[in-house]
Structure formats: C-alpha cells, structure tokens
1. Just subtract the alpha-carbon distance of residue 263 and residue 120 from 0.36 nm times their residue separation and send over the number in nm, one decimal.
2. Please work out the average accessible area per residue across region 148-266, using the 1.4 Å probe convention, and give it in Å².
3. Can you grab the distance from the C-alpha centre of region 145-187 to the C-alpha centre of region 34-109, Å, no decimals?
4. Quick one: order 245, 147, 236 from most to least accessible surface, probe 1.4 Å.
5. Need one value: the accessible area of residue 178 in square angstrom, 1.4 angstrom probe, rounded to the nearest 10.
6. Can you give the Rg to Rh ratio for region 42-137, taking only C-alpha atoms and Rh from Kirkwood?
7. When the dipole is taken about the Cα centre of region 7-265, and only Lys, Arg (+1) and Asp, Glu (-1) are charged at their Cβ, what size is it in debye, to the nearest 20?
8. At a Förster distance of 25 Å, what's the computed FRET efficiency of residue 145 paired with residue 178, Cβ-Cβ distance as r, to 0.05?
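The values are calculated or read from the model by the stated rules, or taken from the named source; none is laboratory data. Note that this is a predicted model, so its numbers are computed, not measured. Don't worry about glycine lacking a Cβ; one is built from the backbone with ideal geometry, like all the others, and counts go over all protein chains shown. Quick note on the areas: whole protein, heavy atoms, side chains included, nothing else; ligands and nucleic acids left out. Shrake-Rupley method; radii C 1.70, N 1.55, O 1.52, S 1.80 Å.
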Amino acid sequence: MIFLKTEDEIELMRAANMLVAATLAEVGKAIRPGVTTAQLDRLAEEFIRDHGAEPTFKGFPNPYGGPFPGSVCTSVNDVVVHGVPSEETVLRDGDIISVDCGTLLNGYNGDSCYTFSVGEVSPEVQLLLKTTKESLYRGIEAAVAGHRIGDIGYAVQSHCEAQGYGVVREFVGHGIGKAMHEDPQVPNFGRRGQGKQLKNGLCIAIEPMITMGSHEIYMMPDRWTIRTRDGRPAAHFEHTIAIHHGKADILSSFEEVERIESERLS
Ligand code: MG
Ligand code: MG
C-alpha cells in the first residue's frame, strides 16, 4: 500500500529530515582518527533526543536476529550498510564511514545517510564517494511526477556502472512516512519506464549503495553488518524526497554536513 502525503504531512517529514541533517552534521564534527563508532552513536542519540525525537534505528527489528543496538548505522570501508556502532571500531586515517540516521519526530520519519572521509582518503576512494553522491542526485532528478520507479534506478545504475562500480541489489530505497519503510521499494537498478508511477505526495528515500568492485555482499554473524564479498570499499548516500508540485523536493539536506566536511578536510 502506497500512502501519498498531504502538504502538511510533507512539512512534518521535512522537519524530521532536517533533524537528521543536523544530526549528521553533529556526528561529522566528531569524525577523526582515533574516534570509535560507539562514541559517534552516543553523540547522535543524545542530539536526537535533545531535539524531542526518537532515533528510529534504535531497537529496529531484524528479520534475521536481534534488534539494532545503535541509534545510527556506522559502516566503515568494506561495510556496505547496517554497521553496528562499537567500542572496538576505531576510525583510522584513510577510512571512509557512512553514517545512516533516522529520526521519528511528531509521528513522521526522516532518513538520510552520508559517507564521510576520515583524514586523507585515496583518490580512488574519493572518486567512489563522488560518483555515488552524483548518482543519488541523478536518481533525484529522475524522480518527477509521471516518471516511474525504474527511471530512478536506471539513472543511479547507469551512472555508477559506467565507472565500473557495483550496484548492490539486496538492499533498496523505500517509501517513507509514518513508518520508516513503506511501499514502494526503490531499487538502485532498473529499466526506464518500468515500475510504479510517481505521483505528487509520494515520499521516498533514494539511497544508492555502491561498491568499488563486485556488488556481491555477505552478512556478518551479528546478523546486521553487511560487507562486500571482495573486501573493497562501498559508499552510501541517501536523501528523503517528496514528489511535490511535480518535481523532487529534497526533504533532507547535506548543506551543513558538507560545510563541516570541507572545513574538516581543509
Ligand atoms: Mg537510511
Ligand atoms: Mg533508508
């Protein structure tokens, strides 16, 4: 079942997503060699709760095992998604870390993810990050009323595969609203003109998960952490958008995150 949102609901979702954006910026300020992913998680949880919201990921049910223990997913290097924050995972110079964050504010969900560089990252990995982020915006450009879900996936996939990168198949974007995951699914691969038609009021999270090598993945025994099979790095960028007045209205934001990222890396 797809739930189209009213104007008021879109504004509630924007508020939840702007809190996600602010949380990612807050986490971004703390990212440096020597920091643990557990420290980043505590920072995020406190920030979200201080702003009157719930970290949606905390206690999120798992069809394969126990609930998610963290408030954000912290996925380092070859971890594609769902990295569990840990005191043992210490960031090192040259790492990348995707921080995926969800908030529930006034009954509506925000969901966005950014992949940060830790210190000096190789040019090869920088290109993976750049291309993955570009593919997110290509997907967003394709998300206009009258187009179809497959147009989004096609835009993401063609951009990344042209660089020789892999597009993860097992995890996809999704509808979002009162629930974190609603219909429809939004794959990062697809064919133009196929799938459900995009209509005003549709809110979806678009989230390319892109690998430097093969797109094959596996799950760790913790039943959360997803790694690339070949051990090469993966990137993940995500925005929540609404189809609004015929076009994609980005409800989350990287503006503050990128301001902090450029200060930190300069
Ligand atoms: Mg997410
Ligand atoms: Mg998502």
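1. On the way: separation 143, 0.36 × 143 = 51.48 nm, distance 1.35 nm.
Here the segment from residue 263 to residue 120 would lengthen by 50.1 nm.
2. Spelled out: the 1.4 Å probe surface of region 148-266, per residue, equals 44 Å².
3. 22 Å
4. Largest to smallest exposure gives the sequence 245, 147, 236.
5. Counting only protein heavy atoms, residue 178 exposes about 140 Å² to solvent.
6. 1.00
7. Value, rounded to 20: 640 debye.
8. Using R0 = 25 Å, I get an efficiency of 0.70.
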